[in-house]
Amino acid sequence: MSDTGSATIDFRTDPIGAARQGTNPTVLCRMRSGWAVIGGTQHLPGYCVLMHDGTADQLTDLPRPDRMTFMHDMVLLGEAVERACRAADPAFWRINYEVLGNLWPHLHGHIHARYQWEPDHLRIGPVHLYGRDRQAPEHQLGPRHDNLRDAIATALREILAQ
């Protein structure tokens, strides 16, 4: 991770450093354990990530109380995604949670909104079954996702205020 000196940090190469610097445009909210961000791809609208603000690679790198804080934050982010996605799409079905770290060796959790409109053979399995289609240009985060992004951020702020 980069320090937050005077140079603007590119959020695509250092999302945590850019979040600390205030230059990561995907940040929804600072949480106790890290940063809630909207995913760079919105193949399944509402996809978000919780990035741990520290050097942990996996949950077991953290002391047990910090693990619980991270998981609690993930659940709160999932609740916000559910609230926003349910209001935006009557076919919203559920939230899936994943903590992987195989590609980016930094503790982070994926929050996937799932929908009844997904093909049956893909809806019942993990999101990675969609393959490269998830990264298609038409699914990239953009201005058309602003309303959903704002709804998730608002729901998250409300949940954190409770």
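Of all residues in the stretch 76-105, those that are more than 16 Å from GLN116 (Cα to Cα) and assigned to a strand (DSSP E or B) have Cβ atoms under 9 Å from Cβ atoms of residues that are at pLDDT 95 or above and small (Gly, Ala, Ser), 6 or more apart or on another chain, in TYR97/GLY78; TYR97/GLY109; GLU98/GLY109. If you check LEU122, LEU148, which single one turns out to be surrounded by 12 or more Cβ atoms within 10 Å (Cβ to Cβ) and more than 20 Å from MET51 (Cα to Cα)? Checking each option against the conditions leaves just LEU122.
Taken over the stretch 56-75, the criterion of being closer than 20 Å to ASP14 by Cβ and outside any helix (DSSP H, G or I) is satisfied by ALA56, ASP57, GLN58.
How many residues, within the stretch 111-128, are more than 22 Å from GLU158 (Cβ to Cβ), of a type outside the set (Val, Ile, Thr) and touching a residue at least 60 places away in the same chain (Cβ under 8 Å)?
3
Taking ASN24 as the residue in question, decide whether it is over 20 Å from GLU158 (Cα atoms), in a loop (DSSP other than H, G, I, E, B) and of a type in the set (S, T, N, Q). Yes; evaluated as a whole, the condition is true for this residue.
A quick yes/no check of all residues on (1) under 15 Å from ALA153 (Cα atoms); (2) modelled with pLDDT of 95 or more; (3) surrounded by fewer than 20 Cβ atoms within 10 Å (Cβ to Cβ); (4) touching a Pro at 6+ places or on another chain (Cβ under 6 Å):
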site	(1), (2), (3), (4)
TRP35	yes, yes, no, no
ARG64	no, yes, yes, no
MET71	no, yes, yes, no
ARG86	yes, yes, yes, no
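Can you find a residue in the stretch 41-55 that is without any contact (Cβ under 8 Å) to a residue 40 or more places away in the chain, at negative phi and not in a loop (DSSP other than H, G, I, E, B)? No. Contact map, the stretch 22-36: first residue among the polar types (S, T, N, Q), second residue in a strand (DSSP E or B), Cβ cut-off under 8 Å, separation 6 or more or different chains; pairs are ASN24/TRP35; ASN24/VAL37; THR26/VAL37; THR26/ILE38; SER33/LEU50; SER33/HIS52.
Pairing each residue of the stretch 56-71 that is touching a residue at least 24 places away in the same chain (Cβ under 8 Å) with any residue that is among the β-branched types (Val, Ile, Thr), provided the two are 6+ apart or on different chains, yields C-beta distances under 7 Å for LEU59/VAL99.
The values are calculated or read from the model by the stated rules, or taken from the named source; none is laboratory data. Please read all numbers here as calculations on a predicted model, not as lab measurements. Note: ideal-geometry Cβ built from the backbone for every residue, glycine included; neighbour counts use all protein chains shown.
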